[in-house]
Amino acid sequence: MLGAAAPLPFDPGTLRLASDLRRSGIEPSRGGWHHVRRGVWVDAGVWAGLDPTQRYAAFTHATALLRRLDEPLVCAVESAAAVWGLPRIEKWPRHVRHLVTGRHVRGSALLRPHLGEEVEPVEVHGLLVTPVARTVVDLARSGTLVTAVAAADHALRHDLCSAADLAEEVARLRPRAHGRVRAALTRDLADPLGMSPGESLSRVQMFVLHLPRPTLQHPMSDEQGQIGVVDFWWQGVVGEFDGRMKYGVRDGADPREAAEALWREKKREDRLRRQAAVARWTWRDAMHPELLARVLAAAGVRPVARPGWFDLGAGASGGVAQRGSGAAS
C-alpha cells in the first residue's frame, strides 16, 4: 500500500497513577513526568513522542482509568476515534465522549454522554469502544464532513473496516435521523487512496467547491522512467498536497540530508512540470476553500456543472482546462 504505515495506537500501559508513583518514592511534579490529567502521569519522553491523536487517546485512557462505574464505560465518537488511531482535522476536545442508550444522563466537564443506538462494543487495550464503522458514522452525524472523511479514508486504507461495513452502518439509521445525509455522504466520499488527513481534507474541499473529481495516486513517468505517484490527477494537471512527509526529511536530519531531500523533490517536480501543469498547496490552503480554489484555478482546474463525483463510469478529467488554454467550460 502506498503511503506511510499507520501510527501505533496509544499504549495505556505507560500511564501511571500519581498515588502509585508516590508510593514508589517518585514525585512526578518534580520533573521527568507529564501530567495527562489530574491523578495520572506519563513519562515525559513517551509524551514527547506522541502525535495529537495519541495524546488525546492517552487522555481518554487516563479518564477511564479513574472512572469507577457499575456499568462499563463505552467510549464513542472522538474518544473512540482516538483509541482506534483515526485522524482528526480539528483540534481534539478536552473531554471524553461515552455511549449512552435510551436515557439522558447529565455530563461533566471531562465526561460527556453521547446518545445513540445500542451497539456491541469492541475492547481495545482494555477499553470498550464503538466499532470503527460505527465510530466513523457517529463522527459524521455529530461533527464535520472533513473529519469524518479523513477518519473513513484512514479506516479503509488500513483495513480497520470495509466499505460494506460503512454502508451497513448508514443503512441502520432511521430515514430522518439527525446527520444521516452527512453520514451517507461520508460513505460515498470515503476512499482508501486518501493517503493522509491533508489529502482527505483537500478532496472534501474539492467536492464542496464543485471541482471535477480527481484521480487519486496517479503514476507519472517520462522518457527517464517512473517519476512517481502524484496525489491528485486531472487530465493535464497534477495536484500535490505539501505535507511534511512529502519531502522525506526525517526528524533530526542534518542540513546536508535535508538539502538533499529538497533537491530530490525539486528534480521530481521539474520532471512533472514537463508533463503537466502542477498545483501545490499547503495545510493552510486546504483549510480555506477560497485559497485552494485559487491555487487550482491557476493550474486550470475550475468548477463545472457536472463534476462527476458520483457518476458511475464518469471520467476524472471533465471540465479541466488544457495547458495553455482558457477557463474550463
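The residues listed here are Ala58, Ala48, Ala44; of these, the one that is within 20 Å of the chain's Cα centre (by Cα), farther than 22 Å from Val149 by Cα and small (Gly, Ala, Ser) is Ala58. For segment 116-144, the set of residues classified as surrounded by 22 or more Cβ atoms within 10 Å (Cβ to Cβ) and assigned to a helix (DSSP H, G or I) consists of Val132, Ala133, Arg134, Thr135, Val136, Val137, Asp138, Leu139, Ala140, listed by residue number. The single residue among Ala152, Ala171, Ala184, Ala164 that is modelled with pLDDT of 95 or more, buried (at least 22 other Cβ atoms within 10 Å of the Cβ) and not in a loop (DSSP other than H, G, I, E, B) turns out to be Ala152. Looking across segment 296-308, the residues that are surrounded by 17 or more Cβ atoms within 10 Å (Cβ to Cβ) and assigned to a helix (DSSP H, G or I) come down to Leu296, Ala297, Ala299. Are any residues in segment 270-304 without any contact (Cβ under 8 Å) to a residue 12 or more places away in the chain and over 27 Å from the mean Cα position of the chain (by Cα), and if so, which ones? Listed by number, the residues that qualify are Asp270, Arg273. May I ask you to list the residues in segment 1-51 that are in a strand (DSSP E or B) and either free of Cβ contacts under 8 Å to residues at least 40 places away in the same chain or among the aromatic types (Phe, Trp, Tyr) (or both)? Of everything in segment 1-51, those that are in a strand (DSSP E or B) and either free of Cβ contacts under 8 Å to residues at least 40 places away in the same chain or among the aromatic types (Phe, Trp, Tyr) (or both) turn out to be Arg16, Trp33, His34, His35, Val36, Val40, Trp41, Val42, Asp43. Within segment 140-153, residues that are free of Cβ contacts under 8 Å to residues at least 60 places away in the same chain have Cβ atoms under 6 Å from residues that are crowded, with 24+ Cβ neighbours inside 10 Å and not hydrophobic (A, V, I, L, M, F, W, C) in these pairs: Ala140/Thr186; Ala148/Thr186; Val149/Thr186; Val149/Ser200; Ala152/Thr186; Asp153/Gly194; Asp153/Ser200, counting only partners at least 6 apart in sequence or on another chain.
Inspect segment 258-277 for any residue being at pLDDT below 95 and either in a strand (DSSP E or B) or assigned by TED's automatic domain parsing to the domain that holds Thr144 (or both) and give the result as yes or no.
yes
The number of residues in segment 18-57 being of a type outside the set (Val, Ile, Thr) and farther than 24 Å from Ala76 by Cα comes to 21.
The values are calculated or read from the model by the stated rules, or taken from the named source; none is laboratory data. No experiment lies behind these values; they were computed from the predicted model shown. Using ideal geometry, Cβ is built from the backbone for each residue, glycine included, and neighbour counts are taken over all protein chains shown.
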